[in-house]
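Nothing in this text is a laboratory measurement; each read-out follows from the coordinates by a stated rule. Note that this is a predicted model, so its numbers are computed, not measured. Because the Cβ atoms are built from the backbone with ideal geometry, glycine has one as well, and the counts that use them run over all protein chains shown.
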């Protein structure tokens, strides 16, 4: 069985939707040519790959499986090209990263700035995703590596632990809870919270914990960063749950009190998720080493 790389690339473009027309345009093909190639691919595999209707296209179960394999094949082709550029070694390549809120806003920008400054041939696509989407992305090959926090069940992936953080409660210095050193989640459910934006990993995780108590999280305002959470907390607009590393940094310049959360889920093991490290190019190996070294330095 022979696969044309151009056909696999076209199939990926079409699978991203919402229609065959859009996929053909992204692949720089006419609609007729794209349709003929997809039909030929279905004939070669002897199975239907797409459901077609007036709304666009939808992958069949066989199409879902092909998409996963096609993405992995094309990523490997990209790796092969990068390995033979003029830069060589770990100095060239493109890395896609799916990461949680803390990683994308707190420590990865500093790591990536240093990493990229010494590797002009490397480009990076960093996307904030929910934990389930990070795991799925690494499994199906749509991302090279994932950065997560907390327990992960993904036996098919390699998990590289690189640091430990914990979630804490931050309140204004003169807040009614400011005298507390530790607190349970159930004790803060009646207070209004300052939280991150919709779609953030942190908000999704906190809501899961709160809903286990049979209530909803009381939101006063949602902001875009942990710094903004602390500024709102300092002004006594509400209280917030954030990583301890962020709270300690912002406490140096803001009037906030840090209270330990007496919950088993508050301790967060940070991990790098990879499908197969040995199969990834040198630039990814170098980035993994940079993340581990940065956290190991206590930064």
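Using alpha carbons only, how many degrees (0 to 90, rounded to 10) separate the axis of helix 108-117 from the longest principal axis of the chain? Roughly 50 degrees, rounded to the nearest 10.
Once C-alpha pairs closer than 8 Å and six or more residues apart are averaged by separation and normalised to the residue number of the range 166-266, the relative contact order reads 50 percent. The sum of -39500 (n - 2.57) across all DSSP H runs of n ≥ 4, divided by the residue count of the chain, sets its helix-only mean residue ellipticity at 222 nm to -12500 deg cm²/dmol. May I ask for the angle, rounded to the nearest 10°, between helix 282-296 and the longest principal axis of the chain, with both axes built from Cα atoms and the value confined to 0 to 90°? For helix 282-296, the angle is close to 10 degrees.
Among 63, 141, 43, the residue with the largest mean-square fluctuation in a Gaussian network model of the chain, with springs joining Cα atoms closer than 10 Å, is 43. Relative contact order of the chain, taken over Cα pairs closer than 8 Å and 6 or more residues apart, is 21 percent.
Centroid-to-centroid, using Cα positions, the range 1-55 and the range 148-178 are 42 Å apart. The ranking of 225, 200 from fewest to most other beta carbons within 10 Å of each one's beta carbon is 225, 200. In plain terms, the residue of 11, 3 with the fewest other Cβ atoms within 10 Å comes first and the most crowded comes last, giving 3, 11. Helix 131-140 and the long axis of the chain differ in direction by around 20°, with both axes built from C-alpha atoms.
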